[in-house]
Structure formats: structure tokens, C-alpha cells
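Student: Just dropping this structure here.
Where a number appears in this text, it was derived from the coordinates with a stated rule and is not lab data. Please read these numbers as outputs of a predicted model, since none were measured by experiment. Reconstructed Cβ throughout: ideal geometry from the backbone, glycine too, with neighbour counts over all protein chains shown.
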Amino acid sequence: MISIERAVERALKNAEIKAAEGWKRPCPPPKKQTQVLVVDDDLGVRQTLTLLLATAGYETSAAHNGFKALQMIKRKAPRLLLCDLDMPDMSGREFLTIVRRRFPRIAVIAMSGSYEEDDMPEGVIADAFYSKGQKKPSELFQIAAEVIQRTDRHEDQRTLVWARQINTDISGTSLALITCTECLRPFVVATPREDKRVIHEARCVFCKSEIHYTSEERDVNQNCGDLLSLLEEGQESTPKAFGHAAK
């Protein structure tokens with residue numbers, strides 16, 4: 001079995017970072033102080049991307065899910081965020097709505113291997129899109145450099161939150177989990193089943209902030225056990241990382 005270190009080394013060699021055909025290093029080159037956070041539930045992807053970006057001159061860090069990434073951003077916000085869209089618990093779509101609302105200075109590149117097109121998938125709030133497995137590392141470097149150069153501060157607008165459907169009762173009412181964009185704590189709301197894709201309003205049970213959200217159908221298969229563990233994870237981490245969220 002090939003070790004992760006060997007696999008990463010092979011990926012770097014195949015990437016031909018130093019002499020990628022038809023690509024020139026961005027001018028000016030990225031500074032070593034430019035911090036990039038990679039968020040992906042796949043360990044191999046996280047390690048490969050962080051090493052590739054480090055070789056290109058970025059200071060890198062990584063998180064395996066949205067909850068961990070929010071803790072890291074709260075402590076020290078990166079200049080650039082690379083986020084996978086297809087992650088368990090908190091999807092990339094939901095995570096990116098929170099980032100855009102609370103941390104508008106962060107430049108964002110959404111990633112996925114599920115789309116053949118280069119266009120931004122519908123409903124994704126990001127500055128650029130990178131198709132994993134379909135583009136060369138040199139193209140990722142170019143996208144990163146362009147996004148950082150053109151992104152200053154996004155408008156402080158109310159973004160639409162993606163609510164994860166967790167369970168549906170016999171009456172057709174679904175339970176959905178929302179992460180507040182202000183205090184960053186998760187809580188549950190009940191949404192009529194027939195109103196999916198409609199914009200709803202809710203108030204955070206913790207900080208009372210007004211939230212606009214829509215349901216995300218694909219997470220409906222999660223069961224009540226997942227709901228309890230997710231709530232416990234989010235609320236246990238709150239006092240340490242988000243106990244005094246900025247208003």
C-alpha cells in the first residue's frame with residue numbers, strides 16, 4: 001500500500017509545478033504571508049492541496065469540516081478559502097453562506113469533483129470555482145492569484161442560509177438544522193414539507209438574530225442520532241470559540 005506521504009510526493013511530481021506547460025507564475029507572485037485555508041472531508045485531498053499551495057508560496061492550513069473551519073477562522077481569518085461543496089454534516093454551500101456573511105474579506109474558491117462544467121454551480125456563494133480532478137494544479141494557482149488580486153471586501157448583505165433537513169414526520173413537517181450567521185451556533189426549526197425551496201425566516205434561539213433560509217433536500221436522510229450529535233458538537237464548541245461573537 002502506498003503511504004500518504006508517497007502519494008503526495010507523486011502528485012507533486014506529476015503536477016510539474018515548476019514548469020507547467022503554458023502557464024506562467026502570477027505577477028506579482030504570492031507572498032509567503034498569504035494564508036490559505038483548505039476545507040475538505042477527504043484527508044488525501046487536504047494534504048495534497050495544502051502541500052501544492054505551500055510549494056507555490058502560500059501559508060496553508062486545513063480543516064476536515066465546516067465546524068472546525070469556523071473555529072479556525074474565528075481565531076485567525078485566512079486571506080483565501082478553498083472549500084469542497086460535498087461534505088457531511090455542514091455542506092459547503094451552507095458553510096460558504098456563513099463565511100460570506102460573517103467574514104466578507106475572505107476570498108473564496110468553491111471546489112467539487114461532481115461537476116463537469118467550469119461554471120459556478122447554482123446556489124454557491126464564492127468568487128471562483130475549481131473542478132477537482134479535471135484541472136491542473138497550475139490552473140488552481142492561477143485562479144487563486146486572480147481571486148486574491150480582485151477581491152477586497154464583499155458587500156455586507158444578508159445571504160441566504162442553507163438549512164440541512166434532518167428528519168420528516170408523518171405530517172410532512174421536516175426538521176432542519178440551521179447555523180446562525182451571527183453567533184455561529186446550530187439550532188433546529190420546523191419547515192412544512194411542501195414549502196421546500198421557498199425562502200423562510202427564523203430567529204436564532206440563542207442571539208435572536210433574524211435569519212433567512214431555504215431547505216437543502218439532499219440531507220434529509222440523516223437520522224435523529226445525527227441531529228443530536230451535530231447539536232452537541234456545535235454547542236460544545238461554542239463557548240470556546242464563539243462565546244462572545246461580534247455583533
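Student: Listed highest first by mean packing, meaning other Cβ atoms within 10 Å per residue, what order do 89-101, 168-180 come in? Don't jump to the answer; show the numbers that get you there.
Tutor: On the way: 89-101: 23.3, 168-180: 17.4.
Per-residue mean Cβ counts within 10 Å order the peptides as 89-101, 168-180.
Student: Let me ask you something else. Quick one: what are the phi-derived ³J(HN,Hα) couplings along region 82-92, Karplus 6.51/-1.76/1.60 with θ = phi - 60°, whole Hz, x for glycine and proline?
Tutor: Running phi through 6.51 cos²θ - 1.76 cosθ + 1.60 with θ = phi - 60° gives 10, 10, 6, 7, 9, 10, x, 6, 9, 5, x Hz.
Student: Kirkwood Rh over alpha-carbon pairs of region 82-173, then Stokes-Einstein at 4 °C and 1.567 mPa s: what D in µm² s⁻¹, rounded to an integer? Mind showing how you got there, number by number?
Tutor: On the way: Rh = 14.5 Å.
After rounding, the answer is 89 µm²/s.
Student: Next up: Got a sec? Which residues in region 83-120 would a label at Val188 touch, if it sits 7 Å along Cα→Cβ and we count backbone N under 17 Å?
Tutor: 89-90
Student: Could you tell me which of the pairs Lys74/Lys136; Lys68/Lys132; Lys68/Lys208 are separated by over 29 angstrom between their Cα atoms in the structure shown? Could the numbers behind the result be given before it?
Tutor: Numbers: Lys74/Lys136 31 Å; Lys68/Lys132 22 Å; Lys68/Lys208 24 Å.
Long pairs (Cα-Cα over 29 Å): Lys74/Lys136.
Student: Sticking with this structure for a sec: Could you tell me which of rounded, prolate or oblate describes region 34-113, using a ≥ b ≥ c as the square roots of the eigenvalues of the alpha-carbon gyration tensor, with rounded for a/c under 1.5 and, failing that, prolate when a/b is larger than b/c and oblate otherwise? Could the numbers behind the result be given before it?
Tutor: Values: a/c = 1.69, a/b = 1.14, b/c = 1.49.
Oblate, since a/c reaches 1.5 and b/c is not below a/b.
Student: I need the shape label for region 43-87. Rule: rounded when a/c is under 1.5, else prolate if a/b > b/c, else oblate, with a, b, c from the alpha carbon gyration tensor. Don't skip to the end; give the middle numbers.
Tutor: Details: a/c = 2.15, a/b = 1.21, b/c = 1.78.
Note, shape of region 43-87 comes out oblate.
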